[in-house]
1. Pull out the extension gain between Q169 and D58, defined as 0.36 nm times the separation in residues minus the alpha carbon to alpha carbon distance; nm, one decimal.
2. Using label points projected 7 Å from each Cα along Cα→Cβ, tell me how many nm separate S83 and S182, to one decimal.
3. In whole Å and largest first, what semi-axes does the C-alpha gyration tensor of region 66-189 yield when each eigenvalue is scaled by 5 and square-rooted?
4. From zero up to wherever the largest Cα-Cα distance of region 106-174 sits, split into 10 Å bins and tell me the percent of pairs in each.
5. Applying a 10 Å radius around every beta-carbon, put 162-175, 70-83 in order of their mean neighbour count, most first.
6. Are any of the pairs K93/K144; K85/K146; K71/K93 more than 22 Å apart by Cα-Cα distance, and if so, which?
7. Any idea how far apart R123 and M160 come out in nm if each label point goes 7 Å out from Cα toward Cβ?
8. For V149, put the label point 7 Å out on the Cα→Cβ axis and report which residues of region 158-172 keep their amide N under 20 Å from it.
Amino acid sequence: MGIFNFFRRKQIVSDSNSSEGSTLNSQTAIPKDTFIDENDSKQKQELLTIKGLDNGIDQVYLFLQADTESKGYSDALINADESFKSDNIRLIKLDLQILIDKTYTYYDNLISEINLHISTRSRAGLVDLVKELESRKTLIMEYKQKLMVLKESIDDENGMCQRCILSYQRGFMRGLSALTQSNVLNKRI
């Protein structure tokens, strides 16, 4: 984008006396929000920074805090069948398991990298750096323990993973209620 602006500026300077230069100057006055949705680009940027910042337990917590109530509501409007609801709850659980497994693998890789750095830096005599690496490794081990607890709670349907399920069920029930209100209760008798 910067290259095009560079060429445009050169053309504006060279054609400043001509009528084309004045039309180019007027074209640059178009507001940015005409072509770019600021909210959409901000949301995408936030999502990219979240994904790029950390592949760890924060991603799991973001998933657990996600709004599954609106998904349940719209699913009930699409198909009000109980088996559809149970299938979607199962999909939520499987998505959470996949995310936990990815995070666990990420932490395993990070621990092996830290172990390599600990061994090489301790041979080099960098005691303070080795202590920092060991404290980071301890923190990662604690996160792995939390992930194991979350993984066990998925099957038991208790703990933090229950939040996603309850939210989805509440939304599904709201959708069923809305269907009944609009299709049955609002009819004239």
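Please treat every number below as a calculation from the coordinates, not as lab data. The structure presented is a predicted model; accordingly, all values stated were derived computationally and were not measured. Heads up, the Cβs are rebuilt from the backbone with ideal geometry, glycines too, and the neighbour counts pull from every protein chain shown.
1. This chain segment gains 37.5 nm when fully extended.
2. 2.5 nm
3. 49, 11, 10
4. Once binned at 10 Å, the Cα pair distances of region 106-174 give 19, 30, 20, 16, 11, 4, 0.
5. Highest-to-lowest ranking by the protection proxy: 162-175, 70-83.
6. Exceeds cut-off: K85/K146.
7. It works out to 3.8 nm between the two label points.
8. In region 158-172, the label zone of V149 (backbone N under 20 Å from the point 7 Å along Cα→Cβ) covers 158-166.
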